[in-house]
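Just so you know, all these numbers are worked out from the coordinates, no wet-lab data involved. Keep in mind the model is a prediction, meaning the values are calculated, not measured. Neighbour counts are summed over all protein chains in view; Cβ atoms, including those assigned to glycine, are modelled from backbone coordinates with ideal geometry.
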Amino acid sequence: MADIARAAGVGKGTVFRRFGDRTTQVQEVLRPRVTALREAVTSGPPPLGPGAAPSPALHAYLDALFDFVWACRLLIRALEHRAPHADYANDPSRFWIAELTRRLTAARPGTDAEYLAHAVFTALRADVIDYLAAEKHMAKERIRAGLHTLAGP
């Protein structure tokens with residue numbers, strides 16, 4: 001907090017008055033990135049946006065989510081473990097999971113897409129990715145490939 005206040009040229013109290021607690025501050029920093037990804041998914045060009053065949057659309061979405069989490073993992077980790085199930089119940093997560101379910105349903109008919117979406121989303125948690133990279137020394141592309149394997153063809 002002191003570093004943020006110093007960088008902004010204000011007192012720490014000003015930062016807290018403007019943004020409230022740490023969770024709100026992190027959410028505000030992430031908001032433009034979340035919005036940009038959501039817009040790319042809902043109205044951007046295929047294969048991430050609408051109009052692509054099911055499998056390329058699914059894998060483009062996985063890449064976009066993975067790149068988002070990779071780039072923002074330190075901020076996201078500050079939000080994880082706030083409350084039971086909070087990582088799955090916030091608005092962005094509900095959107096990501098619903099879209100993942102939709103794309104899995106289209107790409108893998110006959111599978112339990114809702115369960116699989118939650119399992120893949122759990123593999124996309126920042127703490128999981130951070131652990132695999134930092135503690136297991138897995139390369140970024142190895143983790144990405146694993147996500148694609150989980151999601152299927």
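Miscellaneous remarks
- Computed from point charges on the beta carbon alone (+1 for Lys and Arg, -1 for Asp and Glu), the dipole magnitude for the stretch 22-151 about its Cα centre is near 120 Debye.
- With Cα atoms, 0 to 90° folded angle of helix 140-151 axis to the chain main axis: 50
- Annotation for A98 and R38: the two label points, set 7 Å from Cα along the Cα-Cβ direction, are 1.0 nm apart.
- Measuring r between the beta carbons of E28 and D127 and using R0 = 22 Å, the FRET efficiency lands at 0.55.
- Nearest-ten-degree value, helix 113-123 long axis tilted from longest Cα axis of the chain: 50
- Between helix 22-43 and the chain: long-axis angle, C-alpha atoms, 0 to 90°, nearest 10: 30
- Square roots of 5 times each gyration tensor eigenvalue, C-alpha, the chain, largest first, Å: 31, 17, 14
- Given charges at Cβ of Lys, Arg, Asp, Glu: the chain dipole, positive-most of Y115, T14, A78: T14
- Sorting 42-49, 118-125 by average packing, meaning the other beta carbons within 10 Å per residue, from highest down gives 118-125, 42-49.
- Between the residues A60, V29, P45, the greatest Cα displacement towards the positive end of the dipole of the chain, with unit charges on the Cβ of Lys, Arg, Asp and Glu, is found for V29.
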